[in-house]
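The values are calculated or read from the model by the stated rules, or taken from the named source; none is laboratory data. Just so we're clear, the structure is a prediction, and the values are computed from it rather than from any experiment. All Cβ positions, glycine included, derive from the backbone under ideal geometry; neighbour counts span all protein chains shown. The protein model used for the area step is the full one, side chains on, heavy atoms only, and it has no ligands, DNA or RNA in it. Shrake-Rupley method; radii C 1.70, N 1.55, O 1.52, S 1.80 Å.
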Amino acid sequence: MKRFYLLSLMALVSAFAPAFLSAKTIILKQIAVTPLEGDTMFFNIDEYEKATFELTQTSPASRYLMLRRNDGAAVRIYLDEVKGITYKETTQTIDDPIEAPKVGDYYYSDGTWSDGGLISINADGTSPVWAEEKPAPVEGKTVIGIVAMTDPSRMAQSDIDAGYTHGYVISTKFVHDPGNKSSQTNQVFTSIKYSYDEGFEANVPVCKAGSTWYADLNGRQYCDSVISFYGDMLLRDCPAVYYTSIKEHPSTSSPWFVPSTGQLWDIVANLCGDAAAKALLSWRTVASDATYYCYSEIKSDPMAIFNATLDKVPAADKELLVRVDYDDYLWDPFQYKPTDYHAYCPLWTSCRYDTDAMCIFEVPTLRTTGTSKIECMAEWFNGDCYLRPILAF
């Protein structure tokens, strides 16, 4: 006669396929049933909603313990051949499904991420839909970036080969050169000079056409080339790459690097709103000079939309995009007067425009006209632009 009669046991299999698994340790609360013969059986309390002692309708009646599972199934344990029933706690290491990262997610100093509120977005960055209430970062963790691109077809092959297959993260802060500061206030400027080498080349190719800007995804490769080229003179000759390269990063990610034109292109498309994404989409096949033919007047505020991704990030962990004349304010706040001419934030890329300048993106804010102008542009190697580094993960 069976003393342990299993009425039914059911297993639920999730239809969701996680991106990958991570190990975590959990505490199991269990009922341990030791029969007179055989091995002890363990029942996880969290899987059961009710336990009752009952009697069979037979004569003579047999007493049993009925454990009813959350899914409706039940286990009947007859007591006449049970040596003992005890409660115990034990630990178990299990696979923990981690949701794949998506654009707008918070990225932390430990290399993990959490929901940033994006519901859906097209591959080209158009038609983004965000949650009405933006989620907050995980308490106790430090946000160092925002996931900005997760399309594997828009990752450099060298980054994929290095094991970075999720995408790119843009830093929540600028890279600063502590030696570049106001002589009036002694405050470090927000902008940074890319290079003091008038003949800067460092095996970095020239990008001219709009289609070339879009296609270039090799930011990490270019920064590695600059580091190798200048060696011990890196700080003197290329402060932008030097201060980017020493920025602390998670052990599971690449080092920080200056994004290429194509990488910053995707970031602007994904994080600066639908109007900006549509403008960039129309430039992808431009065969002429991007600084002449890749610009658009839009009725949107891309700078404000980008900054909104940082709304819930603590002030100590972020710096918002600012206008190009912000350093004028740092130089002399009492004489500062904002104008429509300066209503944009110029961001460095790691691509050369020609023998004298680097390619930059101008991320605009609204002017008094109610419009903004987004465009591809160039800046002298020793000009003043802002640097928002990225990492591959």
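Per-residue HN-Hα couplings for the range 374-389, Karplus 6.51 cos²θ - 1.76 cosθ + 1.60 at θ = phi - 60°, whole Hz, x for Gly and Pro?
After applying 6.51 cos²θ - 1.76 cosθ + 1.60, I find 9, 7, 8, 8, 10, 9, 3, 3, 9, x, 10, 9, 9, 10, 10, x Hz.
Springs between alpha-carbon atoms under 10 Å, Gaussian network over the chain: tell me which of Val169, Val322, Val129 tops the mean-square fluctuations.
Sorting by GNM fluctuation, first place goes to Val129.
I'd like the distance between the alpha-carbon centres of the range 186-244 and the range 89-163, rounded to an integer number of Å.
28
Probe radius 1.4 Å, ligands and nucleic acids ignored: give me the carbon and sulfur share of the accessible area of the range 48-201 as a rounded percent.
Ligands and nucleic acids excluded, carbon and sulfur give 47 percent.
Work out how far the C-alpha atoms of the range 231-357 reach from end to end along every principal axis, then list the three figures in whole Å, largest first.
Over the range 231-357, Cα extents along the principal axes are 44, 43, 34 Å.
Charges only on Cβ, +1 for Lys and Arg, -1 for Asp and Glu: so what's the dipole of the chain about the Cα centre, in debye to the nearest 20?
The dipole of the chain has a size of about 1260 debye.
Would you calculate a helix-derived [θ] at 222 nm for the chain, using -39,500 (n - 2.57) for each DSSP H run of n ≥ 4 and dividing by the full residue count, to the nearest 500?
Calculated mean residue ellipticity at 222 nm is -4500 deg cm²/dmol.
Whose amide H sits under 5 Å from the amide H of Met149, counting only residues 5 or more places off or on another chain, with H placed in the peptide plane?
Close amide H contacts, sequence-distant or interchain: Tyr168.
Which one of Gln187, Gln30, Gln157 has the biggest mean-square fluctuation once the chain is modelled by GNM with Cα springs under 10 Å?
Of Gln187, Gln30, Gln157, the most mobile in the Gaussian network model is Gln30.
Ignoring ligands, DNA and RNA, what percent of the 1.4 Å accessible area of the range 273-393 is carbon and sulfur?
55
Under a Cβ-Cβ cut-off of 10 Å, what is the net charge of the residues other than Val206 that fall near it, where Lys and Arg count +1 and Asp and Glu count -1?
For residues surrounding Val206, the net value is 0.
Enumerate the amide H contacts of Ile374 below 5 Å, restricted to partners 5 or more residues apart or on another chain; note that Pro and chain-start residues carry no placed amide H.
Distant-sequence amide H within range of Ile374: Ser296, Ile298.
Taking GluC sites (Glu not before Pro) as exposed when DSSP calls them loop (any state but H, G, I, E, B) and at most 11 other Cβ atoms lie within 10 Å, what is the longest stretch of the chain free of them, the sites themselves excluded?
249-393
Would you please give the residues with an amide H less than 5 Å from that of Leu28, counting only those at least 5 places away or on a separate chain, with H modeled from the backbone geometry?
Residues meeting the criterion, in which the H sits 1.01 Å from N, are Thr90, Thr91, Gln92.
For Rg and Dmax of the Cα atoms in Å, several values are listed as (i) 25.3, 81; (ii) 37.3, 125; (iii) 29.2, 101; flag the one computed from this structure.
Given (i) 25.3, 81; (ii) 37.3, 125; (iii) 29.2, 101, the calculated one carries the label (iii).
Against the 2.2 N^0.38 Å scaling, with N counting residues, where does the range 117-264 land? I'd like the Cα-based Rg ratio to two decimal places.
1.19
Provide Tyr48, Tyr336 ordered by accessible surface of protein heavy atoms (probe 1.4 Å), highest first.
In descending accessible area the options line up as Tyr336, Tyr48.
Between Lys299 and Ala32, what is 0.36 nm times their sequence separation minus the Cα-Cα distance? Round to one decimal in nm.
Contour length minus Cα-Cα distance gives 89.4 nm.
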